[in-house]
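Comments concern the structure below.
The values are calculated or read from the model by the stated rules, or taken from the named source; none is laboratory data. If you're wondering where the values come from, they're calculated on a predicted model, not measured in any experiment. With ideal geometry, Cβ positions are generated from the backbone for all residues, glycine too; neighbour counts draw on all protein chains shown. Areas reflect the complete protein model, heavy atoms only, side chains present, ligands, DNA and RNA absent. Shrake-Rupley method; radii C 1.70, N 1.55, O 1.52, S 1.80 Å.
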Amino acid sequence: MKCIYCGKELQPDNVYCPHCGKAAQIVPDYSMYDDDYLKEVLTEENIFQRTTTAKRKTSTAMGTPNPVADISERRKQQKKLQIKIIAGVAATIVVLIFAIMVFCAAIRSNHNNSYDYQVKQAEKALLDGNLEQAAVYYERAVELDPGSIDARLALADICVKQADYDSAETLYKAVIADDRKNRAAIKSLISLYEKEENTDAIMALSKIVDESLQDLFKAYQTDEPVFSLEEGSFDSPQTLQIRSPEGDSIYYTMDGSDPIARGALYQGSIELSENNRSYTIKAVCRNEKNVNSEVVSKNYTIKIPAPDMPSVSPDGGDFGAPTNVTIRVPDGCSAYYTWDGSVPHAGSSRYTGPIEVPEGNNILSVIAYDSSTGLSSQVYRGNFIYYTQDHPQDNIDDGNAQEDSLSEDAE
């Protein structure tokens, strides 16, 4: 059989387990006689313990060694041992804490010098809506990798959200300087300039980026105006028309001044009719975003010749009978005449058909006048003499005097 406390084998005569010292409890083959026997054994055990206790008290009174003192000494030794153990544990904890601090510092140092870590933390801060913290992480990422396009773009976007447009512009420009084909940076910079209504900066940007990205500037590019006349010199009045290929507004000047600053809105054709005048026409197209095209300038000179002198038939003479005079007038002109030798003008008699030579010694003066240009031809002069048979001789002499005067004018 076995001890129910430690499981060791017991001899049949064992009252106490020789291994653990506890009273043997015999379980197998239980009977009422065994129970009585067990009670007797336990009674003897109690008597034995009481006897032992009395003996210890007697020994103490007679000056024999005191077990209580021994126990106190053992407790002191145990306490010292506990202190040593606690001190050792504390020292171990301090060492562990120091090691953890060193380890954490190493991790922080590693994170602080890791571009990827800074970017991940910045992205996390953005998801949390913490722009300021995200900016700090991206700034550190840019410090670690100054050539990083992604970090600079992300930081520039944050600057825009924080209304720090100057810093954003600087970052976008730096990215474009490194990569003229970076569509994201160029689109963002265009949007930034739009906020500032700085179309000049947008147009300047269009000239430095790669040609493959010119579609980004379509809304800011205006085709230059087209003139219907090539520049040059003309001998007749001209009508100039200007058109915009995209249907934009057109502003122009006729004196060579800047059409962007001083131009009048083009609403129809421009008449170039003033004779002996040079025109410098400048025009510009302006789209709905108030972006101006390149200025186009053209020079025109109008130099219209005077009408040809009209031809008269007959070309003067001495007539003995009534005679009609016909005048051939240049196309587009009218003829005006006088018989007294004075210079005709638009208020003089207008030639409408053959005219009869008046009696006497007459100086016929004729001009051709172009009402569209206001120009007159040279004056035709002819001496027409016509007297009836009963005309006095002295009047004839007077007529010779007029003829002499006509000759002098001709000279």
* Compare 301, 92 by solvent-accessible area with a 1.4 Å probe and give them largest first, with all protein chains kept in place. => 92, 301
* To do: Mind giving me the nanometre distance, one decimal, between the label points for residue 131 and residue 113, set 7 Å out from Cα along Cα→Cβ?
  => 3.4
* Structure fact -> For the range 234-293, the percent of all C-alpha pairs falling in each 5 Å bin, from 0 up to the bin holding the max distance, is 4, 18, 27, 23, 15, 8, 4, 1, 0
* **Difference of contour (0.36 nm per residue) and Cα-Cα distance, residue 264 to residue 166** => 31.6 nm
* Structure fact -> Taking the range 300-344, the equivalent ellipsoid from its C-alpha gyration tensor has semi-axes in Å, biggest first, of 29, 12, 8
* Could you sort 369, 351 by accessible area so the largest value comes first, with the probe set to 1.4 Å? -> 369, 351
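Stokes-Einstein D for the range 144-194 at 10 °C, 1.306 mPa s, Kirkwood Rh over Cα pairs, in µm²/s? Numbers along the way, then the final one.
On the way: Rh = 10.6 Å.
D, rounded to a whole number, is 150 µm²/s.
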* Asked: Just how much of residue 291 is accessible, in Å², when a 1.4 Å probe is used and the result is rounded to the nearest 10?
  -> 0
* Per-residue SASA entry for residue 343, accessible area with 1.4 Å probe, Å² rounded to 10 -> 90
* Structure fact -> A correct Karplus calculation of ³J(HN,Hα) over the range 222-234, with 6.51 cos²θ - 1.76 cosθ + 1.60, θ = phi - 60°, whole Hz and x for Gly and Pro, returns 10, 5, 6, x, 10, 9, 7, 10, 6, 5, x, 10, 10
* Compute, for residue 170, the solvent-accessible surface of its heavy atoms (probe 1.4 Å) with the complete set of protein chains present, and express it in square angstrom to the nearest 10. => 90
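If 384, 98 are ordered by their accessible area, calculated over protein heavy atoms with a 1.4 Å probe, which sequence runs from highest to lowest?
Numbers: 384 0, 98 135 Å².
If we order 384, 98 from most to least accessible, we get 98, 384.
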* To do: Would you mind calculating the gained length between residue 94 and residue 231 on full extension (0.36 nm times residue separation, minus the Cα-Cα distance), in nm to one decimal?
  => 39.8 nm
* HN-Hα J in Hz across the range 140-151 - Karplus 6.51, -1.76, 1.60, θ = phi - 60°, x for Gly and Pro -> 5, 4, 5, 4, 6, 9, x, x, 5, 6, 4, 5
* Asked: In nanometres, what is the gap between the two model label sites at residue 77 and residue 201, each 7 Å from Cα along Cα-to-Cβ?
  -> 8.8
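Once the piece of chain linking residue 173 and residue 212 is laid out straight, how much longer is it, given 0.36 nm per residue of separation minus the C-alpha distance between them?
Working: separation 39, 0.36 × 39 = 14.04 nm, distance 1.79 nm.
Once the chain is fully extended between residue 173 and residue 212, it gains 12.3 nm.
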